[in-house]
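Quick notes on the structure that follows.
The values are calculated or read from the model by the stated rules, or taken from the named source; none is laboratory data. Everything quoted here is computed from the prediction, not taken from an experiment. Neighbour counts run over all protein chains shown; Cβ positions are idealised from the backbone, glycine included. Side chains are part of the model used for accessible areas, which takes the heavy atoms of the whole protein and leaves out ligands, DNA and RNA. Shrake-Rupley method; radii C 1.70, N 1.55, O 1.52, S 1.80 Å.
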Amino acid sequence: MRFTRRRLNRTLLLRQHLLERVAMEPAAMVEHLVGLQAQEPLPPYLSLAARLTEVDPWQVSRAIEDRSLVRVLSLRDTVHLHQPADAVTLPVWAAPVRERELKASQTIGSAREVDRAAFSAAVQEVLADGPLPQRQLGAALAERFPTYTATQLGQVARVAEVLVQLPPRGCWKPAASTAVAYDHADRWTGLPLAEPDVPAIVRRFLRAYGPGTAADVTAWSGITRLGPVVKAMDDLEVHEDEDGKVLYDVAGAPVADEDTPAPVRLFGTYDNLWLSHASRDRVMEPDHRKLWMGVNGAQAMSIHVDGWFAGLWRIEDGRVEVVELVRDLTRGEKAGLDEEVARVEALLAR
C-alpha cells in the first residue's frame with residue numbers, strides 16, 4: 001500500500017485513539033501506547049483525557065500508589081508511566097541511551113568515572129532499608145565516594161541504576177511534597193529486571209504508531225541499529241510512503257481513510273504523538289516546529305485541529321488560555337476547540 005502523508009496522519013490518530021475516544025481502563029491505554037511520556041506530572045493525565053471517554057485522575061493516582069502503574073526512566077532516557085512488566089524490561093533495553101547521558105551530562109561531570117561495580121553495590125546498600133529522596137540518596141553516596149558531590153552521585157544513580165520514582169511524584173494534586181524519591185524497580189514492582197523481546201516491542205510500536213521505519217523506532221526509543229532487527233522480521237507487511245520510503249507494519253493493522261475527520265485535541269507539554277517518529281511532519285507542518293520548540297524544550301502545550309498542530313495553550317489559574325494559533329479556525333473548528341477547552345478545564349477542576 002502507498003501511504004500519503006495525510007493517510008499516515010489519520011492512521012496514526014486512529015491507532016492512538018485520537019479520532020474517537022474509547023472506553024478503556026487507563027492502564028490498558030498505557031500498555032497499548034507502551035507507556036506515557038511523563039517528564040512532567042500533568043501530561044500523562046492530559047494524554048489519557050485526549051483518548052478516553054472517561055478518565056478519573058484520582059484513579060490514575062491510586063494506580064501509581066498501588067504500583068500497578070510505575071514512573072521510571074525508560075524510552076529516550078525520559079520518565080515514562082508504565083505498567084510494571086514494561087518498567088522492568090524497557091529500562092534494561094534502554095541502558096545504552098542512559099550510558100550516552102552519563103557520558104554527556106554536565107550535571108554528572110567527572111562522576112561518570114566512578115567505579116560502576118562499586119557504585120552499584122553502594123546504591124544497593126544505601127537503599128537496603130527502603131526508598132530515599134534523591135537528595136538523601138546522593139548524600140549517602142557522597143559519604144562513600146567523597147571525590148564527587150552528592151548532586152553528581154544522585155544523578156549517576158538516577159541514570160545508571162533502574163530506579164522508579166515513588167508517589168506522590170506524578171500523582172494528581174498531591175498534598176505532600178513531590179520531591180523525587182527512588183527505589184529499585186525490581187523491589188517496587190516485585191518483578192525481576194529482564195531483557196525484553198525486541199521484535200515484540202517493535203510490533204507493539206507499530207500497532208500504536210505505525211506504519212513506520214526502523215528510524216521511527218529509534219526516534220521513539222532512543223535505541224540505534226534497529227534496521228537489521230526490523231528487516232529480519234518476516235511477519236511484517238511492507239508498504240511505502242509517497243516519496244517511496246519503505247514502511248513496515250504488523251499484518252492486519254487498521255488503516256484510516258485520509259478523508260476521516262479529526263477532532264480538536266489539547267495535549268500536554270509532551271505527548272507520545274509528538275515524540276515517536278524520525279520526522280514530526282505526520283502531525284505538524286515543518287515551519288511550525290520552531291513555534292513549539294524553544295531553546296530548552298517545548299514552550300507551551302499544543303493544540304491540534306483537523307489532525308495537525310494548530311497552536312499553543314497554557315494553564316492560567318486553572319483555566320485554559322490559548323496562547324497562539326497558527327491559522328484562523330472555521331466556525332466548526334472554533335466550536336470543537338471550545339468543547340475541548342471545557343473538557344480539559346473540567347479535568348483540571350477535579
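So, in the range 184-237, how many residues would count as being in a helix (DSSP H, G or I) and among the hydroxyl-bearing types (S, T, Y)?
Residues flagged as in a helix (DSSP H, G or I) and among the hydroxyl-bearing types (S, T, Y) within the range 184-237 amount to 4.
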Pull out all pairs, ordered by first then second residue, where Cβ-Cβ is under 6 Å, the residues are six or more apart or on different chains, the first lies in the range 1-22 and is under 15 Å from R51 (Cβ atoms), and the second is open to solvent by 60 Å² or more (accessible area, probe 1.4 Å) and not hydroxyl-bearing (S, T, Y). L14/P254
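Can you name the strands (runs of 3 or more DSSP E) wholly within the range 257-338 that have at least 3 residues being open to solvent by 50 Å² or more (accessible area, probe 1.4 Å) and under 22 Å from P44 (Cβ atoms)?
Ranges flagged: 308-316, 319-325.
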Can you report the number of residues in the range 1-26 which are in contact with a helix residue (DSSP H, G or I) (Cβ under 6 Å, 6 or more places away or on another chain) and in a helix (DSSP H, G or I)? 5
Test for R204: is it open to solvent by 20 Å² or more (accessible area, probe 1.4 Å) and within 30 Å of V246 (Cβ to Cβ): yes
What are the residues in the range 34-53 that are part of a helix (DSSP H, G or I) and either without any contact (Cβ under 8 Å) to a residue 60 or more places away in the chain or of a type in the set (D, E, K, R) (or both), if any? L48, R51
Flagged in the range 228-248 as open to solvent by less than 20 Å² (accessible area, probe 1.4 Å) and within 24 Å of P91 (Cα to Cα), in numbering order, are V230, M233
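Conditions (1) among the hydroxyl-bearing types (S, T, Y); (2) in contact with a Gly (Cβ under 6 Å, 6 or more places away or on another chain), marked per residue:
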{"residue": "P261", "(1), (2)": "no, no"}
{"residue": "V264", "(1), (2)": "no, yes"}
{"residue": "N272", "(1), (2)": "no, no"}
{"residue": "S276", "(1), (2)": "yes, no"}
{"residue": "P286", "(1), (2)": "no, no"}
{"residue": "M301", "(1), (2)": "no, yes"}
{"residue": "G332", "(1), (2)": "no, no"}
{"residue": "A342", "(1), (2)": "no, no"}
{"residue": "A346", "(1), (2)": "no, no"}
Return yes or no: is E31 open to solvent by 30 Å² or more (accessible area, probe 1.4 Å) and either at pLDDT below 95 or in a helix (DSSP H, G or I) (or both)? yes
